[in-house]
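For reference, the structure discussed in these notes is given below.
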Amino acid sequence: MKRVQSSADLIGKISTYLQIVSKDSHSTAFVPLAEAYRQLGLLGDALEAARMGTAMLPHFCPGFTTLGRILAQMGRIDEALIAYTKALEIDHQSQSALVGLARLHLVRGERELARKILYQAAEFHPDDELIANMLVAIDMPSPWQHRKATPPAEASPAVAPASAEPVVSIPIPTATLAEIYAKQGLTDQAAYVYEEILRSEPDNRAVARRLAELRGFPPSSLPAVVAAPSSEAVSASPAKHQLLETFERWLRAAQVRRAHVQ
């Protein structure tokens, strides 16, 4: 009964937030709207709300942290990394973005990178209990590490060839890794990572623009494929009309769901 009541409360909140954003498409209410959808498990609606909200408010950090959280829950880790990185470009001290980014790197097995981000977060938020607990947990050994079987004493040590080389862990080139290099003043390394990204994503305009900045090229020298879209291509009228239609569709759906749980 408690679960049903909680769902009813969330649907009621969704209706309220939808009415707000339908009247003002630049309202920050899209953040709690997307969060309510996420908590109900409606990840598709949550993602759509977050994407439209960040498009309308591209300099609102909480919008991108919410977008990152939703993408992470959907398992779209690379996209979530981009969202959290964008949030940190807006507010480099954002607790939610730093914690979210650290969690993603832990998911990818990049423990050292996660630790570095958490240390940075602890400097900005020294009294944050969540960050402190994550730093403690990240250094705790896995419970199964001490359960590995010990090889018998008579086992031959000459199984592996003498010329065997150690396994080297090569970091996956991501925009996050590039920006970490850039913030440390290692522009050559940052540019190299962006070049590697462009090898696999040659049409990525954002990466191309950032690479041009690092190399000191003027924006006018960028090829047409990475140029900013024209004002005609981003005309506000059709976009706003589509936005209102979406909000109205969500509002009708929320009213139907609310009627079913009452």
Tell me, please, whether a residue that is acidic (Asp, Glu), open to solvent by less than 50 Å² (accessible area, probe 1.4 Å) and part of a helix (DSSP H, G or I) can be found in the range 48-63. no
Kindly establish whether Phe60 is closer than 24 Å to Arg205 by Cβ and out of contact with any strand residue (DSSP E or B) (no Cβ under 8 Å at 6 or more places or on another chain). yes
So in the range 19-35, with the set limited to residues that are part of a helix (DSSP H, G or I) and within 20 Å of Arg69 (Cβ to Cβ), which one is most open to solvent (accessible area, probe 1.4 Å)? Pro32
Is it true that Ile117 is crowded, with 21+ Cβ neighbours inside 10 Å and within 21 Å of Ala137 (Cβ to Cβ)? yes
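The values are calculated or read from the model by the stated rules, or taken from the named source; none is laboratory data. Quick caveat: nothing in here was measured; it's all calculated off a predicted structure. Please note: Cβ atoms are built from the backbone with ideal geometry, for glycine as well, and neighbour counts cover all protein chains shown. Side chains included, ligands, DNA and RNA excluded: accessible areas come from the protein's heavy atoms. Shrake-Rupley method; radii C 1.70, N 1.55, O 1.52, S 1.80 Å.
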